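What follows is a short report on a single structure.
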Amino acid sequence: LSASWHDDLNSMATPASPLSAPHEVTEEALLRGIEHEEFVMYYQPKVSCDTGALAGFEALVRWQCPGKGIVMPDSFIPLAERTGLIAPLTEQIISQSLDWLSASFANASPLLSINLSAKSLNHLDIADHFADHCAHYDILPSRLILEVTETCAMTDATVALAALTRLRLKGFNLSIDDFGVGYSSLAQLARLPFSELKIDKMFVSSASNSKESRMIVKGIVGLAHGLGLRVTAEGVEDECTLDFLRDVECDLAQGYFIGKPMDTAAVTSWMALTYGT
Ligand code: C2E
Ligand code: CA
Ligand code: CA
Ligand code: CA
């Protein structure tokens, strides 16, 4: 291994926060965590590139594991998917998120984005199930955006397409996540019932120092608009990237420069500080 390649690998594996150090997570520990309801949702704001107005939040799960601090989703979501524990975990994620949305923004406009695992799309009854959750919290499905990764929407496309279509018919908004790192064709994209496309942070966070990334971002925005999709850029880490996104007419921006994922108390302070509400 060359030293620089090795360094790259290390920096990719190194989490931003010391609390999020990766460690072995076992199925037993995960099951216990679910039983003890140790998962908490953080919320990251999404704003209009043009006006800075609040458009919504993305719900991101964290595990408050006793003795270990906060464990980040990349260390347990893949295991949860492999073991089937993603189903009960997603139940807790949805209840907590909808509870927060209805308590904090009873009938106000911010939309809430929730990440869906590929596994969930194998169940055709997911649409009815999600609609039941919404009814319970008195939230219209149109206030939610369900994010599905590009790769997951494309593998096993027939079942996924049926599940996505049912969700769309119930009124849920659908978003194609991590766009640009997968392999979907324009034809496939156009066929799926999405209303939003999220440009992967890989291209966005490198836009400030890479002409190539800027060309890719600009191209994706044009393509998405041509297909009638709203575009969110994730991973916006500085002001010049936000300026660039405005120039290429990207709709929404999300990233550390705007606001980090926050617990509910921090969201309240952030709202007060940013919008005076
Ligand atoms: P994702 O859906 O692509 O989420 C975006 C990730 O980018 C989040 O990492 C977020 O904290 C991070 N991020 C936000 N702004 C910036 C930025 O400006 N720069 C950089 N470098 N990163 C930024 P997080 O919270 O660690 O989540 C990682 C992944 O875990 C998510 O990727 C998603 O695939 C999965 N995940 C998170 N929460 C859930 C959940 O509730 N359910 C499911 N099924 N998956 C989840
Ligand atoms: Ca996402
Ligand atoms: Ca993403
Ligand atoms: Ca991702």
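Only DSSP H runs of four or more residues enter the estimate; each adds -39500 (n - 2.57), and after division by the residues of the chain the mean residue ellipticity at 222 nm equals -13000 deg cm²/dmol.
For the cross-link pairs LYS170/LYS260; LYS68/LYS260; LYS68/LYS198; LYS119/LYS170; LYS170/LYS201; LYS198/LYS260, which exceed 28 Å when the distance is taken from alpha carbon to alpha carbon? In this structure, LYS170/LYS260; LYS68/LYS198; LYS170/LYS201 lie more than 28 Å apart at Cα.
Label-to-label distance for VAL181 and LEU223 is 1.6 nm, based on points extended 7 Å past Cα in the beta-carbon direction. One chain, two ends: ASN209 and THR26. Fully extended at 0.36 nm per residue, the span grows by 61.9 nm beyond their Cα-Cα distance. As a calculated quantity, the FRET efficiency between GLU37 and ARG246 at R0 = 35 Å, using C-beta atoms, amounts to about 0.25.
Projecting the alpha carbon convex hull of segment 184-274 along each direction and taking the average yields 6.7 nm².
Rule-based calculations on the coordinates, nothing more; no lab input. Everything quoted here is computed from the prediction, not taken from an experiment. Every residue, glycine among them, receives a Cβ derived from its backbone with ideal geometry; neighbour counts consider all protein chains shown.
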